[in-house]
Amino acid sequence: MTRLTALLAGTLLTGAAALAIAGASKGGSVSYRWVDENGVVHYGDRVPPQYSQRETEVINSHGVEVERREAPKSGAEAEEAARKQKAELQQKQHDAFLLTTYTSVKDIEQLRDERLEQLKAQRRAAEQYTASLHDRLLVLQARVMHFKPYNADATARRMPDDLAEDLGHALNEMRVQRNALALKDQEEAATRAQFQSDIDRYRELHSPAVSTAAR
């Protein structure tokens, strides 16, 4: 297609579209605009059934778009759109929280330091408890060495049930506390990361570009 032919074709399409809009707009009615599978734009006072599942624009009597009807989304597309919408809403809510709660970055840093100190105090308490458990385990382990099966002496007695139970409880509690200490490390790292993210976002919200856009 030559350039002249393309220009003529475009002019004819534009003219046809204008006539379609004008014809459909008489009496204050609206017209519709949609695109077929070949990428050709169509106008009319109704959308053919075969194109009812495509994105459609509603045009008023002045040829101005007043509504856009999106094409139905697949299950995966709908889930992704809902996820994105939820994330955007959560971000807006968190931005509002940052702007109304803090007056400066120093406020965020002060709260961060307080939270970290609380976590460190909890960790110190957990470490002290773990140390006491370790001492108790040493005592219990020393006691069980006098009984079978840890003592190979033929005269050794069977381990008392209460001693075996105490040893089992102590070992289980030691595992629990070691896991708790590992979680404290993760919690501290997550807290640092979250506050750093808040500081970065707070600075971004107060940057000239974002502030101007908000106004």
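The values are calculated or read from the model by the stated rules, or taken from the named source; none is laboratory data. This structure is a prediction, so every number in the text was calculated from the model and none was measured. Using ideal geometry, Cβ is built from the backbone for each residue, glycine included, and neighbour counts are taken over all protein chains shown.
What to note about this one:
This table checks each residue for (1) touching a Lys or Arg at 6+ places or on another chain (Cβ under 6 Å); (2) within 30 Å of His206 (Cβ to Cβ); (3) not basic (Lys, Arg).
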{"site": "Lys106", "(1), (2), (3)": "no, yes, no"}
{"site": "Arg123", "(1), (2), (3)": "yes, no, no"}
{"site": "Thr130", "(1), (2), (3)": "no, no, yes"}
{"site": "Leu133", "(1), (2), (3)": "no, no, yes"}
{"site": "Arg143", "(1), (2), (3)": "no, no, no"}
{"site": "Lys148", "(1), (2), (3)": "yes, no, no"}
{"site": "Met159", "(1), (2), (3)": "no, no, yes"}
{"site": "Ala164", "(1), (2), (3)": "no, no, yes"}
{"site": "Leu171", "(1), (2), (3)": "no, no, yes"}
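- Test: residue in the stretch 158-172 that is surrounded by 14 or more Cβ atoms within 10 Å (Cβ to Cβ), at pLDDT below 95 and in contact with a strand residue (DSSP E or B) (Cβ under 6 Å, 6 or more places away or on another chain): yes
- Considering residues of the stretch 85-115 that are acidic (Asp, Glu) and without any contact (Cβ under 8 Å) to a residue 40 or more places away in the chain only, the residue farthest from Glu188 (Cα to Cα): Glu88
- Leu138 fulfils the conditions (1) surrounded by 13 or more Cβ atoms within 10 Å (Cβ to Cβ); (2) without any contact (Cβ under 8 Å) to a residue 24 or more places away in the chain except for a single criterion, (1).
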